[in-house]
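Structure record follows, encoded as structure tokens.
The values are calculated or read from the model by the stated rules, or taken from the named source; none is laboratory data. Predicted model, so just to flag it, every value in this text is computed and none were measured. Note that we place each Cβ from the backbone using ideal geometry, even for glycine, and neighbour counts take in every protein chain shown. These area figures cover heavy atoms from the full protein model, side chains too; ligands, DNA and RNA do not enter into them. Shrake-Rupley method; radii C 1.70, N 1.55, O 1.52, S 1.80 Å.
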Amino acid sequence: EGKKCSVGFGAGYNTDEGAGAKVSWENRNLFGGAERFKITIKASQLTYSGDITFRKPDFFHPHQSLILGARVGDDHPPAYRSRSFRIAALVERDLTPSVTIGGGTAFKQAHEKQLGEEKDFTMFSLPLYFKWSPPKLLGGKLYFSEEPFYTLKKEKTFFKGLLIGRYIIKIFKEPYLTLSAKMTVGNISGSALANIPPDERYYAGGSNTVRGYSYQTVGPLVGKDPVGGRSLLAGTFELCVKIIGPLGLAAFIDGGSAFASTLPKINDEILWGAGGGVRYFSPIGPIGLDVATALNRRKGIDSNFYIYVSIGDNF
């Protein structure tokens, strides 16, 4: 039996998102039954937040867990300012070693500001999700979620869905050469954009969607200010090769956008970015330094290039 408590620390930097750091403390055997209790604090140029998570295994079934969580945050990315509190209670079930389903209920209170307009939102939601990660597929994962929201004061209902798929193909073992692909599709339906909290809308642009563009700006804009959309389509393809020992090189191309419509559209709103970087394959995961540029650069919005530093796999 290992030590039951651990502490963690992480830090990162992106040209568009700035610097950030997080610290965590976890107890992996809180009451003697492998219950996990974790506290995480994050601070960056975009957010200050605290998260608490409790996970109890064997909850009325050997392959079922109870997950309780709470988050308090002050988020201030380019698109909005949100001060929020959220609590959730979920039950997760492993149907097979590669298939997991989960669901529960959540409550959120938020004060949000966008384009000089301030609104309060009080919401209940029913998060439902499905995860598939077959062990025989290298890095293959599929995640799907659907979350109905009900806002109390406005008495409005909307539905938020998300689908993420990724796959890594090992082309050669020697020399080590892989091709990674990731696709993200999002949809919000049932209500007008004005009734959807800004921090629940979809945004594109930045390290997690379309590299080479200013954070959150690939999508609906009012002037030069992002306002988010009701749908999202983003894809990434990355080729990585080891050159000397643990050192490698990567080249990638990203494309995507957020849309005001409820369904993504493949049209001229899709923007593309490309770049490359260096990888160090450490025992804790790849450490990367990437440089990306916009292939459809917009004057006054996007810079000539962006730098991304990461620990771990973007996929």
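Summary of values
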read-out: Qualifying positions in region 1-50 - hydrophobic (A, V, I, L, M, F, W, C) and within 23 Å of Tyr306 (Cβ to Cβ); value: Ala11, Ala19, Ala21, Ala43, Leu46
read-out: Residue tally, condition in contact with a Gly (Cβ under 6 Å, 6 or more places away or on another chain) and under 13 Å from Val185 (Cα atoms), over region 211-230; value: 1
read-out: Any hit, region 258-265, residues being open to solvent by 20 Å² or more (accessible area, probe 1.4 Å), aliphatic (A, V, I, L, M) and in a strand (DSSP E or B); value: no
read-out: Residue selected from region 268-286 under the condition without any contact (Cβ under 8 Å) to a residue 60 or more places away in the chain and open to solvent by less than 60 Å² (accessible area, probe 1.4 Å), by the criterion farthest from Pro246 (Cα to Cα); value: Ile270
read-out: Sole exception among (1) surrounded by fewer than 15 Cβ atoms within 10 Å (Cβ to Cβ); (2) touching a residue at least 24 places away in the same chain (Cβ under 8 Å) for Ile52, by number; value: (2)
read-out: Flag if Leu179 is surrounded by fewer than 16 Cβ atoms within 10 Å (Cβ to Cβ) and either at pLDDT below 95 or out of contact with any helix residue (DSSP H, G or I) (no Cβ under 6 Å at 6 or more places or on another chain) (or both); value: yes
read-out: All positions within region 151-168 that are of a type in the set (A, V, I, L, M) and either under 21 Å from Tyr129 (Cβ atoms) or open to solvent by 50 Å² or more (accessible area, probe 1.4 Å) (or both); value: Leu152, Leu162, Leu163, Ile164
read-out: Some residue of region 72-92 being in contact with a helix residue (DSSP H, G or I) (Cβ under 8 Å, 6 or more places away or on another chain), open to solvent by less than 60 Å² (accessible area, probe 1.4 Å), acidic (Asp, Glu) and touching a residue at least 12 places away in the same chain (Cβ under 8 Å); value: yes
